[in-house]
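Worksheet: the structure to be examined is printed underneath.
The values are calculated or read from the model by the stated rules, or taken from the named source; none is laboratory data. Computed from a predicted model, the values in this text were never measured in an experiment. All Cβ positions, even for glycine, are placed from backbone atoms using ideal geometry, and neighbour counts span all protein chains on display. We work out accessible area using only protein heavy atoms, side chains counted, and drop any ligands, DNA or RNA first. Shrake-Rupley method; radii C 1.70, N 1.55, O 1.52, S 1.80 Å.
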Amino acid sequence: MMWPFASPHSGWLVLYLLTFAVHIVLVSYVLAGTTYALIQALRKKQDPIAERARDLLPFMLGLGITAGVAPLLFIQLLYQQPFYTANLLLGPRWGAVVPALIVGFYALYLAKATQTLRIRRLALGVGVVCFSFVAWSWTEIHLLMQDQPAWREMYAAGDRMYAQTGVLPRLLLWLGAMMTLFATLAAWWAAAPERRRLAVIALAGRAVSALAVVLLVMGDATVISAAHGWLYLMIAAVAIEVAGWVWIRLAPDGAGLTLVTAASTAALLAGVVVREAPRLATIEPPRAAALEASGFPVFALTAVLGIALIVWIVRSIRDRAVPPS
Amino acid sequence: MDSPVPYYPVNEFGPLMKGLVIGGVGIFHVFLAQFAIGGGMLLYYFERLGQRGVPDARTFVDSTFKVLVLVSFVVGALSGVAMWFTTIQVGARTIGLMIDEFHWLWATEWVWFGIEISAGYAFYRFGPTLDHKARRRLLAIYAIASWMSLFWINGILAWQLTPGRWLEGGGMWAGFFNPSFWPSLLFRTAVATTLAALVACIVINTMDLPRERKAALIRIASRFAVPMAVMPLLGMWFVAVIPADSRQWLMGGSMPMTMFVGVAAAASLLIGAYVVVGLVLKRLYINGATATLLLALAFGATAAGEFVREGARKPYTVRGVLYSTSITPAEVAALRIDGATKHDPYPLRDQARYPTPQLVHGAKVHRTLCDACHTLHGANAVVELTRTWTDDQLRLNISKLQRTKAFMPPFAGNAADVEAVVQLLRWEAAGTPARWPVSDDPATLAQIKTWLDEVGTSAAGEP
């Protein structure tokens, strides 16, 4: 079956996956962009990609966090008990993601505002550490949620770290994907020579992800049959995307970027479905209160209004901005 | 897990009781979020005045105040996520129930927050380069969207204390527009505008302007603090609609609660009186130090108000549905038979500390039924609260918990659970000696069961 999600959870699952994908795009820009800006600051390179990233990073983080609230809401509907249990097992160590994000957010502002290279490097370094910690924590909690047999022992031992062998390769897979997503987004603002450099970053990202997949397969990871169709779609999309990046490397002004964006979007959507499929085994029967809850029409109308207002805001900025004298 | 009650792993926070943990995060979050809401309204007002030619109003809009609003809505958003995570730590079933019941409204609130953050960032980044109309509209969208966030979240929070007709099957909307919805919403709106006015007074004092021009700006900003004057009325409205037992605790039944009500009311009254008499009628100048002092007073009032709101819900976290122990009224009857810990899959982390299985049992019962509001030796320490009671007094008071204190839930365990907790408290009070006798006298257990049966499984004051 191509669509692995049976009702009555379908609606929540679709919203969860879509909002999660949007969240991932934004936080990818943040983590990979901060790392890129740090590397260029360490190399003392004047780089338009890094400068643009530094300028945009606080805004992107704000959007990424806001976008992350939606999947956080839907995950509590779908996997309430495993999600809460994993939260509680990791305890304050898990809660540290919030101060890490606050520190990271202000580090990005500092990196943007300062003219002192040393402070910029320090601020970007702090940002990379904070956001990597958050990415690691989410990878950890995702796996811990599914490992019910480990809960009791972990609680008894008072462990706050889930040191399962799959955590690091899985994190590596995401870090690779984040490099590619950063390059895709950044390329839309980039000039031709910059796109060539971004193509290298994107291809390197895919290589890192491929290495992570090899490590996961060696560690007995499997893709459940319900997700197979999506796996093939993802592989095809990644193949097209890789070809697109090679094209951009050779002809940066061509239509390669459109192809790459379409293919990476398809790869991301297929990827989040493949990621979700194994977790479906832990999905709970929907609770009556959740199934019977009303309010969807209000949400749908507000969502339409919200999209219209955000589009209007973007157009206002574009059309009405007075050029600086 | 084949259990009628979902058990979650329990974390302890040293000497802090969980109410202090959630209270601390909550007060920080509420203070920042409410300032961001009032700040948006105030920015819009000043922008309008500036465009009509009021001197320095535009300068104020583009001053540090704008940055403070931005800081607040970002940290407000993050501390909102922190609230979710902290609520999971202290009462996972409560937040789960709220999500189940109101997820579409929460999603609606999220959309408004997305609008708020888009408009806020757009104004922050592009404001200086936009024309008058676009600036005004962006600030209007920001102000409306941030207030709408409050509108939706307020209904969900108010539902916890006063579910109203929702309890009779009136549906989600009856729960959302519950009896304390409007007083809470107006109360929070007044707090939001007052916080914005006080921060504005501090910022204006830092601006490089002659004193008379600062005074003119302060007079404009202080209009936003005038709603504080109606806080006593809103407070009375709120108290009038909450359940009668909660009202009694606030009005003298529970001295700590009454004191916090007094602190919140007095602080609000002082700020309101200073604003109306001093700033509006007498047109006095307020310097940065005084404004900061009033802001600190407002923080105190916010903290006391949040404490009252949390405390008034006891013995429930969701009135009539879920006790503060995260057990439903229906489940109490089942646990009276099975015992509180029969299905709890999680062992104690410090099991080796206890010399007898009965004390291990007592510690597990304490973790399941007491830990939500008490610690053993820290804040609200149950060992100290009961130290001077006799053994039989302890057994009776725990068995008839909802009669011992009306804001306590009924004991959700059997006679063996009561006796295990009694022995644990006695052992802790005795300084945790290495040897401790097992208490299993059938007559004692029979007496406890009689008390449990007599008191029933309903909350105090309920049939």
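Quick notes
- The helices (runs of 4 or more DSSP H) found wholly in segment B:337-416 and carrying at least 2 residues that are of a type in the set (Gly, Ala, Ser) and in contact (Cβ under 8 Å) with a residue 40 or more places away in the chain occupy B:357-365.
- Screening A:Ala308, A:Ala266 for residues that are within 14 Å of chain B (Cβ to nearest Cβ) and either touching a Gly at 6+ places or on another chain (Cβ under 8 Å) or assigned to a helix (DSSP H, G or I) (or both) leaves exactly one candidate, A:Ala308.
- Hey, B:Ala145 open to solvent by less than 20 Å² (accessible area, probe 1.4 Å) and either away from every other protein chain (no Cβ under 12 Å) or of a type in the set (D, E, K, R) (or both) or not: no
- Lone qualifier among A:Pro285, A:Pro278 - being open to solvent by 40 Å² or more (accessible area, probe 1.4 Å), more than 9 Å from chain B (Cβ to nearest Cβ) and not in a helix (DSSP H, G or I): A:Pro285
- Of the residues making up segment A:76-88, those that are under 13 Å from B:Ile88 (Cβ atoms), crowded, with 20+ Cβ neighbours inside 10 Å, within 7 Å of another protein chain (Cβ to nearest Cβ) and in contact with an Asp or Glu (Cβ under 8 Å, 6 or more places away or on another chain) number 1.
- Taken over segment B:302-327, residues that are out of contact with any strand residue (DSSP E or B) (no Cβ under 6 Å at 6 or more places or on another chain), of a type outside the set (A, V, I, L, M) and assigned to a loop (DSSP other than H, G, I, E, B) amount to 6.
- Inspection of segment B:67-82 finds a residue satisfying the criterion of being hydroxyl-bearing (Ser, Thr, Tyr) and assigned by TED's automatic domain parsing to the domain that holds B:Tyr124.
- Residue, nearest to B:Thr94 (Cα to Cα), within segment B:151-180, restricted to residues that are small (Gly, Ala, Ser) and away from chain A (no Cβ under 14 Å): B:Ala158
- Scanning segment B:268-281 for residues that are touching a residue at least 40 places away in the same chain (Cβ under 8 Å) and touching a Gly at 6+ places or on another chain (Cβ under 9 Å) turns up at least one hit.
- Identity of the residue in segment B:59-89, facing chain A (nearest Cβ under 9 Å) and among the hydroxyl-bearing types (Ser, Thr, Tyr), that ends up nearest to B:Tyr44 (Cα to Cα): B:Ser79
- Residue count for segment B:366-383, restricted to those that are open to solvent by less than 20 Å² (accessible area, probe 1.4 Å) and either outside the structural domain of B:Ser399 (by TED's automatic domain parsing) or of a type in the set (S, T, N, Q) (or both): 1
- Residue within segment B:177-188 that is surrounded by fewer than 21 Cβ atoms within 10 Å (Cβ to Cβ), among the aliphatic types (A, V, I, L, M) and closer than 21 Å to B:Leu233 by Cβ present: yes
- Looking only at segment A:225-254, and only at residues there that are of a type outside the set (A, V, I, L, M, F, W, C) and over 27 Å from A:Ala277 (Cβ atoms), the one that is surrounded by the fewest Cβ atoms within 10 Å (Cβ to Cβ): A:Asp253
- Just one of (1) of a type in the set (Val, Ile, Thr); (2) free of Cβ contacts under 8 Å to residues at least 12 places away in the same chain; (3) crowded, with 20+ Cβ neighbours inside 10 Å fails for B:Val71. It is (3).
- Only listed residue being among the aromatic types (Phe, Trp, Tyr), closer than 30 Å to B:Arg319 by Cα and assigned to a helix (DSSP H, G or I), chosen from B:Phe65, B:Phe35, B:Phe60, B:Phe73: B:Phe35
- Any hit, segment A:233-256, residues being in a helix (DSSP H, G or I), in contact (Cβ under 8 Å) with a residue 24 or more places away in the chain and among the aromatic types (Phe, Trp, Tyr): yes
- Exactly one residue among B:Trp159, B:Trp166 is in contact with a helix residue (DSSP H, G or I) (Cβ under 7 Å, 6 or more places away or on another chain) and surrounded by fewer than 24 Cβ atoms within 10 Å (Cβ to Cβ), and that residue is B:Trp166.
- The numbered conditions (1) among the acidic types (Asp, Glu); (2) open to solvent by less than 20 Å² (accessible area, probe 1.4 Å); (3) more than 9 Å from chain A (Cβ to nearest Cβ) are all true for B:Asp56 except (2).
- Filter result for A:Thr258 (open to solvent by 40 Å² or more (accessible area, probe 1.4 Å), under 29 Å from A:Met145 (Cα atoms) and polar (S, T, N, Q)): no
- Selected residue (criterion: farthest from the chain's Cα centre (by Cα)) from residues of segment B:228-239 that are touching a residue at least 12 places away in the same chain (Cβ under 8 Å) and farther than 26 Å from B:Ile218 by Cβ: B:Trp237
- Tally, over segment B:329-347, of residues that are under 30 Å from A:Met154 (Cβ atoms) and either more than 29 Å from the chain's Cα centre (by Cα) or open to solvent by 30 Å² or more (accessible area, probe 1.4 Å) (or both): 7
- So B:Thr108, is it open to solvent by less than 20 Å² (accessible area, probe 1.4 Å) and in contact (Cβ under 8 Å) with a residue 24 or more places away in the chain: yes
- When each of B:Gly114, B:Gly120 is tested for being more than 7 Å from chain A (Cβ to nearest Cβ), under 30 Å from B:Leu42 (Cβ atoms), small (Gly, Ala, Ser) and in a helix (DSSP H, G or I), the lone residue that passes is B:Gly120.
- Among (1) open to solvent by 10 Å² or more (accessible area, probe 1.4 Å); (2) closer than 24 Å to A:Tyr162 by Cα, the one test that A:Leu73 misses: (1)
- The number of residues in segment B:430-459 being among the acidic types (Asp, Glu) and more than 24 Å from B:Arg387 (Cα to Cα) comes to 2.
- Residues that are assigned by TED's automatic domain parsing to the domain that holds B:Ala192, touching a Phe, Trp or Tyr at 6+ places or on another chain (Cβ under 6 Å), buried (at least 22 other Cβ atoms within 10 Å of the Cβ) and small (Gly, Ala, Ser) do occur in segment B:40-53.
- Of all residues making up segment A:102-128, the number that are in a helix (DSSP H, G or I) and open to solvent by less than 30 Å² (accessible area, probe 1.4 Å): 10
Residue-by-condition table, conditions (1) open to solvent by less than 20 Å² (accessible area, probe 1.4 Å); (2) within 11 Å of another protein chain (Cβ to nearest Cβ); (3) over 25 Å from A:Leu61 (Cα atoms):
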{"residue": "A:Leu144", "(1), (2), (3)": "yes, no, yes"}
{"residue": "A:Ala156", "(1), (2), (3)": "no, yes, yes"}
{"residue": "A:Val167", "(1), (2), (3)": "yes, no, no"}
{"residue": "A:Leu173", "(1), (2), (3)": "no, no, no"}
